[in-house]
Amino acid sequence: MRSQAVYPLEVHKRCCQIIHLVDNLQQLSTTGICTQRYKKYSAWTGSRLTLPIAPNRHKALDFLELRGEHSLRSVELPPQIFSFQSLKHLTLADVILGVQVNPVTTPVLPSLAGITLMGSASLNLLDDWLCKQPKLHTLCLYETYAPETVPRLLSTGKIKNMEMMHCVGRLWDRFIETWFGSCSSVHNLRISDDILVYYPKKIPTKLHVLRVEVARLWVTPKSWHSYLDRELQTDRIVISAHISRNWYQKQGSNLILAARSRGLPVEFEAAHCECDQQRHHQYYNVDTENADKTRESMIAAWDWASETDTKR
């Protein structure tokens with residue numbers, strides 16, 4: 001169930017009533033409502049976000065996306081989150097924490113495999129708690145601010161899959177090299193086009209898979225060659241773009257040919273989108289002299305939706 005709008009409290013109550021009719025909700029994406037501290041949990045102080053779920057319901061929830069209210073600069077997570085023992089992926093969008101999540105008093109989520117932070121500067125406040133999650137292996141950052149320090153999570157060896165989407169700007173300029181230098185355990189890295197454009201010499205060179213999503217900026221030959229000229233030990237490079245975009249028609253295939261001329265295993269992947277359902281979940285080689293036209297196998301190791309899987 002997905003609820004995107006920031007709505008009045010009365011609408012929130014009605015939404016709760018509707019959700020209460022569902023016996024076993026498995027996925028929920030919702031905007032949180034801010035309330036004062038929850039008296040039952042005396043360790044929590046200040047404001048907190050609430051979920052539109054009655055207590056002790058939907059224990060099988062395995063995906064939760066919680067969006068904060070943009071006007072709130074300091075909140076706490078709903079204690080209810082930590083009761084979802086089957087939760088596999090947690091997304092926090094515009095949820096800016098005001099206090100550290102205490103790893104001693106905060107329960108572990110035994111099934112949590114991935115966490116996504118969007119527009120948030122809260123990674124360091126979650127760091128110690130994330131280090132305790134036994135099955136965590138995926139970290140996704142979308143348009144987030146650079147953390148003040150490198151999170152301890154990166155040095156634990158837990159994180160095998162990472163997404164860095166549109167994490168650019170003045171703070172990242174000073175921090176990106178240190179960040180990627182701490183990601184030695186990452187095998188699969190998915191980045192947005194702007195990261196390749198601005199930081200081609202900072203991206204890790206030893207990976208199983210590097211995926212580049214071309215959606216906002218053209219990947220220029222200069223930045224591409226700056227990356228290719230390094231001593232790469234990457235097993236597979238995938239460039240994803242919409243084949244109708246000018247970038248692909250004018251430059252995409254040439255950049256892939258440049259990589260292949262260096263003996264690098266580069267593939268093109270048509271971006272997932274709703275404008276052509278026939279192309280959804282299909283993967284192709286680029287039509288070049290050395291590439292056949294057979295359909296590529298789906299990337300099974302990592303089933304993440306493309307950033308362009310939205311209406312344009």
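Here is how the numbers come out for the structure above:
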| item | result |
| --- | --- |
| Förster radius 22 Å - calculated FRET efficiency between residue 14 and residue 62 (Cβ-Cβ, nearest 0.05) | 0.30 |
| Given 88/222; 88/201; 13/132; 13/59; 132/206, the pairs whose alpha carbons are separated by over 30 Å | 88/222; 88/201; 13/132 |
| Förster radius 25 Å - calculated FRET efficiency between residue 155 and residue 99 (Cβ-Cβ, nearest 0.05) | 0.60 |
| Estimated FRET transfer efficiency (residue 257, residue 26; beta-carbon r; R0 41 Å; 0.05) | 0.40 |
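We did not get these values from a lab; they are worked out from the coordinates using the rules stated. Since this is a predicted model, take the numbers as computed values, not measurements. Cβ sites come from the backbone with ideal geometry, for glycine too, and all protein chains shown count toward neighbours.
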